[in-house]
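The values are calculated or read from the model by the stated rules, or taken from the named source; none is laboratory data. This is a predicted model, so every value here is computed, not measured. With ideal geometry, Cβ positions are generated from the backbone for all residues, glycine too; neighbour counts draw on all protein chains shown.
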Amino acid sequence: MLANKRHADYCALLRAAEESIMSRMKEKDTEAEKAKRRNVELEARAAHLSAEAQVWEARARAQELEAAALQSQLEQAIVSRSVGSSLAEREGVGLRSAVDDVEDAESAYVDPERVVLVSGPGCKACGKRVASVVLLPCRHLCVCTECDGVVSSCPSCLSFRSSSIEVYMS
Ligand SMILES: [Zn+2]
Ligand SMILES: [Zn+2]
């Protein structure tokens, strides 16, 4: 009886120990699984961070290049300021030629009333309109219709104007 009970106790003890070992192993397994998952997560995060770091590095390099460009521009500005007097002279010449251009344009500008001169002989009296009246008796085509009523002698030959004829150019 006693030996039987002892054996049963022993078996129960063994079973309990086995169970506890099993559960512990299970725990370890899940822990290992967790650690594995965490490792993967951390690796992914590290990869992401390194990609981000590369982006930042590229950005920093671009900014460095930009800064270098600005620096060289600044140096050029300083250098050009030191030869500023000659540069200013050149700029002055540019300005002067621009003024000349404006003046040329002004001298080339023609009074719209004077443009009429191009389409025929000008009136010798007013110099603005086209001469379209022949004075008699000298027969000079030298005044416009408006000056015809004003002049008493021919502006070309200064001879007496007795009458006049308006002519039509075709
Ligand atoms: Zn006239
Ligand atoms: Zn005349």
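Restricting attention to the stretch 119-153, which residues are surrounded by fewer than 18 Cβ atoms within 10 Å (Cβ to Cβ), small (Gly, Ala, Ser) and near ligand 1 (Cβ under 8 Å from one of its atoms)?
Residue satisfying the conditions is Gly127 alone.
Out of Ser97, Ser156, Ser72, Ser85, which single residue is modelled with pLDDT of 55 or more, outside any strand (DSSP E or B) and away from ligand 1 (no atom under 16 Å from the Cβ)?
Only one candidate passes the filter, namely Ser72.
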